[in-house]
Amino acid sequence: MERKQLYWLFFGFSGRVSRAPYFLAGLLLSVFQAFPLYQFTLAPEESGVGQFWASLFWAVFFLSVWSYVALGVKRLHDFGKPGLFAVALFIPMVSILTFVVLCLYPGDAEANEYGRDTNAPGERP
């Protein structure tokens, strides 16, 4: 996968993304969030190492929030829904159900208003 396509997948808001890339990208983001948090729990209290891992966790967390929104918007576009519904990914308890639905619900087989092809930046049909 090219760097430009990875940038689009995690940070772009145009186009459509299918179920498998959405799930795998969400899983990768979760791993990226979990690793510094795990390292933080292993670090001694009040140590510089602990502060480093805490800072890294928050940096990764805020970057991944943007990515979760971008992925959610593109996944919603895949079945013709507006990206505004991605807000549901941030409502406690609803977010888990929303993620599962977005992973399981099939996208449009044909072109829709958000693009011709899935897993590509948006080009109007």
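Here, each number is a calculation from the coordinates, and none is a lab measurement. Values in this document were obtained by computation on a predicted structure and should not be read as measured data. Glycine gets a Cβ as well: all are built from the backbone with ideal geometry, and neighbour counts include every protein chain shown.
The figures follow:
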{"quantity": "Filtered residue count, region 3-28, keeping only those that are surrounded by fewer than 19 Cβ atoms within 10 Å (Cβ to Cβ) and in contact with a Ser or Thr (Cβ under 7 Å, 6 or more places away or on another chain)", "calculated": "3"}
{"quantity": "Filter result for V31 (surrounded by 15 or more Cβ atoms within 10 Å (Cβ to Cβ), among the β-branched types (V, I, T) and in a helix (DSSP H, G or I))", "calculated": "no"}
{"quantity": "Candidate set from region 23-49 (those that are out of contact with any Leu (no Cβ under 9 Å at 6 or more places or on another chain) and small (G, A, S)); member that is farthest from G12 (Cα to Cα)", "calculated": "S47"}
{"quantity": "Test: F52 is closer than 18 Å to F10 by Cα and either in contact (Cβ under 8 Å) with a residue 60 or more places away in the chain or not in a loop (DSSP other than H, G, I, E, B) (or both)", "calculated": "no"}
{"quantity": "Selection count, region 67-106, where residues are out of contact with any Ser or Thr (no Cβ under 8 Å at 6 or more places or on another chain), farther than 17 Å from P121 by Cβ, of a type outside the set (G, A, S) and part of a helix (DSSP H, G or I)", "calculated": "15"}
{"quantity": "Selection from region 109-118 of residues that are touching a strand residue (DSSP E or B) at 6+ places or on another chain (Cβ under 8 Å) and part of a loop (DSSP other than H, G, I, E, B)", "calculated": "Y114, D117, T118"}
{"quantity": "Single residue of F61, F40 found to be surrounded by fewer than 16 Cβ atoms within 10 Å (Cβ to Cβ) and over 16 Å from N119 (Cβ atoms)", "calculated": "F61"}
